[in-house]
1. Select, from 443, 455, the only residue that is among the charged types (D, E, K, R) and over 23 Å from residue 567 (Cα atoms).
2. Any chance you could count how many residues in the stretch 290-302 are open to solvent by less than 20 Å² (accessible area, probe 1.4 Å) and either at pLDDT below 95 or away from ligand 2 (no atom under 12 Å from the Cβ) (or both)?
3. Could you go through the stretch 304-319 and let me know if any residue there is of a type outside the set (A, V, I, L, M), over 28 Å from residue 547 (Cβ atoms), out of contact with any His (no Cβ under 8 Å at 6 or more places or on another chain) and away from ligand 1 (no atom under 16 Å from the Cβ).
4. List pairs: first in the stretch 558-577 and within 17 Å of residue 480 (Cα to Cα), second within 13 Å of ligand 1 (Cβ to nearest atom) and open to solvent by 10 Å² or more (accessible area, probe 1.4 Å), Cβ under 7 Å, 6+ apart or cross-chain?
5. Restricting attention to the stretch 322-336, which residues are in a helix (DSSP H, G or I), away from ligand 1 (no atom under 16 Å from the Cβ) and either open to solvent by less than 30 Å² (accessible area, probe 1.4 Å) or at pLDDT 95 or above (or both)?
6. Say whether the condition of being open to solvent by 40 Å² or more (accessible area, probe 1.4 Å), in a helix (DSSP H, G or I) and touching a helix residue (DSSP H, G or I) at 6+ places or on another chain (Cβ under 6 Å) is met by at least one residue in the stretch 14-37.
7. Just to be sure before I move on: is residue 417 touching a helix residue (DSSP H, G or I) at 6+ places or on another chain (Cβ under 6 Å), in a helix (DSSP H, G or I), on the phi < 0 side of the Ramachandran plot and not small (Gly, Ala, Ser) in the structure I sent?
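The values are calculated or read from the model by the stated rules, or taken from the named source; none is laboratory data. Not measured: the values here are computed from a predicted model. Quick reminder, even Gly has a Cβ in these numbers, built from the backbone with ideal geometry, and neighbours come from all protein chains shown. Please note that ligands, DNA and RNA were not included when accessible areas were found on the heavy atoms of the full protein model with its side chains. Shrake-Rupley method; radii C 1.70, N 1.55, O 1.52, S 1.80 Å.
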Amino acid sequence: MTISSAVMEKLSRLGIHNELDLILHLPIRYEDETHLFSIADAPTGRTVQIEGLIVHAEVVVRPRRQLICHVEDSSGSLVMRFLNFYGSQIKSYTVGKRVRLLGEIRDGFFGAEMVHPKCRIVKEGESLASTMTPVYSTTAGLAQNVLRKLIGQALQRFGSLSNQMETLPEKIIHEYRLIGFRESIACLHHPPPEISLEALQTRSHPAWRRIKFDELLAQQLSMRLHYRQRRDRSAPVLSRKHQLIDQFLQQLAFTLTAAQAAVVNEISHDLAVAYPMQRLLQGDVGSGKTIVAALAALQAIDNGFQAAFMAPTEILAEQHYQKLSGWFEPLGIQVAWLSGSQKKKQKQAAQDAIASGEAKLAIGTHALFQEHIAFHRLGLAIIDEQHRFGVQQRLALRMKGAHHDGWVPHQLMMSATPIPRTLSMSYYADLDVSIIDELPPGRSPILTKLIADNRRDEVIERIQQACRHGKQVYWVCPLIEESETLQLQTAIETHETLSRIFPNLTVGLVHGRLSSQDKATVMALFKHGEIQLLIATTVIEVGVDVPNASLMVIENAERMGLSQLHQLRGRVGRGAEASVCILLFQQPLSEIARKRLKIIFEHTDGFEIARQDLQLRGPGEFLGARQSGVPMLRFADLEHDEELLMAAQASADDMLSLYPDLALRHIERWLGEKTEYLRV
Ligand code: ADP
Ligand code: MG
């Protein structure tokens, strides 16, 4: 088949680069031209096909120019109306012509009518379509007919290659009661008349099931392959020694929860093998991930290697620095601190200590992996709140140790944005995942209140009360996505207003534009109880840990996303005090905002919130930065196809070890050029 380059270009806009892509371009819906209804019996409210003779045709100009034809069959008649039409249509839709119309009948002023039906002139007795007519998503300038024809041709060619079309071994087809690939594709492009349209539309038909399985399997295979490739690279063996770690645990004011101890073991085991760990540590806000990271760092340091600990914001990096240097320096371990806004001299000193290996642990923002930063012997990179970093940044840090001595450092990623199970089984399947599924003891649950903005007075009263009892309060200013300047201005104004309202309290302000020095000062004052009410922008969203703060007010909560609200709320409820989070909202609420607030009000479990968030938003947005590197699912739907996802997961390893050729062909078919994507 020769396709003009203009058409090629259009096709590639649809993601179609070859014939296989063409046959995987599946219909979005169907038109049923396999049945004819008589005009009198045709149901309303759905698309139907009728056939009749044109008995009257005219162009009227009132109320506006339109082409009107009366079409009649033996049972009755209807009006066909075109508001936009070509001269050619006037010429061909003339009295005496036999036409087939496909459209919806509705009751118009002059009786039954079809507006802008698909209209085709036919001969008497012309046979009906033998299959449903597919409708494909297309792009400007590529007619549905052209696309149909191209796909039809591709299908024909592949039809004769039936034995090469199948990429699944008999065993898997049998085990999961799947139907053949060619059969599925043929059925989905050209469904037979007797098929259940419902099963097609809901994608529950066996043909859909097979296609979705294939898609999920391709994803699993590529993830598994990537996983295996990682094992071919080398990393330093960081065996578990006890000296530093035991000493450290002894000086700690608390003991690890069982969940923490379990993930520490998993990580410790990974560090001791000779290929790079890539583990994602998930744990809800406040579950105690930092200490787990600290223990991993100690294991690296114990073996004479360095560790890097990267956080997405200066406030968080600074806080980690305070905490970890407090833990490590008594053990004689030097910790370096690096941030973008540091003074030149300090920065240079930190860089030197990192380069010479004097500093065993380096903590910082993404400043840590800029080009001129050289580590002496980096063995482990820890990335806190990993979903905040772009793919490029994560890759850059991993490569830090790589060119040095031929090894790749181990990598520990941490996230408090829990990834729902189906997502971690699919898009994150190339990572190992550890989960902390309990909170440290002694926490009291957070009470969430939804309060409309016009009841601010009550909130003010509550703040007074809390502070009178020696508690501390966060006030989170609205997120203004369109303008950072406006957001800053709002924060400053809120600070002024609240300072006036609470003359008896020390009111602090922290926002993203403060120098890191000033940020650190404010946070330290808050931490030590010298600031009672802290006005903050969402810079405090991640990681900030001040256990005595037990009341949080979030303004315009309706503007924030679920994970952001959950993160913010997690700043309280860190001590033994019963904590309250007040979500102020502005009325009226949009439908989606109402849903979000309801979810955050009803749930405190981050996994449940994430699961519902996934339902609300779909995986695309959820994946954020990761998305750019990972092929998205087009057909399978993680929420409804969990059973298929499990089947695909179970099959992937079998395929790779028993049928490697089929596995490669399968990946090639589904991912083609996308197999070379960056995996971080
Ligand atoms: P996150 O998982 O959100 O990063 P952090 O590591 O900041 O949580 O820990 C939250 C708080 O819980 C910190 O104050 C930390 O010292 C404390 N913590 C961590 N583990 C325990 C534990 N096993 N027992 C008591 N407190 C703990
Ligand atoms: Mg944290």
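1. Details: 443 fails: over 23 Å from residue 567 (Cα atoms).
Of 443, 455, the one residue that is among the charged types (D, E, K, R) and over 23 Å from residue 567 (Cα atoms) is 455.
2. Quick first cut of the stretch 290-302, residues open to solvent by less than 20 Å² (accessible area, probe 1.4 Å) only: 291-301.
Then keep just the ones that are either at pLDDT below 95 or away from ligand 2 (no atom under 12 Å from the Cβ) (or both); that gives 295-301.
Within the stretch 290-302, residues that are open to solvent by less than 20 Å² (accessible area, probe 1.4 Å) and either at pLDDT below 95 or away from ligand 2 (no atom under 12 Å from the Cβ) (or both) number 7.
3. Yes; the residues of the stretch 304-319 include at least one that is of a type outside the set (A, V, I, L, M), over 28 Å from residue 547 (Cβ atoms), out of contact with any His (no Cβ under 8 Å at 6 or more places or on another chain) and away from ligand 1 (no atom under 16 Å from the Cβ).
4. 563/417; 564/541; 568/541
5. 331
6. Yes.
7. Spelling it out, it is not the case that residue 417 is touching a helix residue (DSSP H, G or I) at 6+ places or on another chain (Cβ under 6 Å), in a helix (DSSP H, G or I), on the phi < 0 side of the Ramachandran plot and not small (Gly, Ala, Ser).
Matching residues to (1) modelled with pLDDT under 90; (2) within 16 Å of ligand 2 (Cβ to nearest atom); (3) buried (at least 20 other Cβ atoms within 10 Å of the Cβ):
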residue: 243; (1), (2), (3): yes, no, no
residue: 259; (1), (2), (3): no, yes, no
residue: 269; (1), (2), (3): no, no, no
residue: 275; (1), (2), (3): no, no, no
residue: 304; (1), (2), (3): no, no, no
residue: 316; (1), (2), (3): yes, yes, yes
residue: 320; (1), (2), (3): no, yes, yes
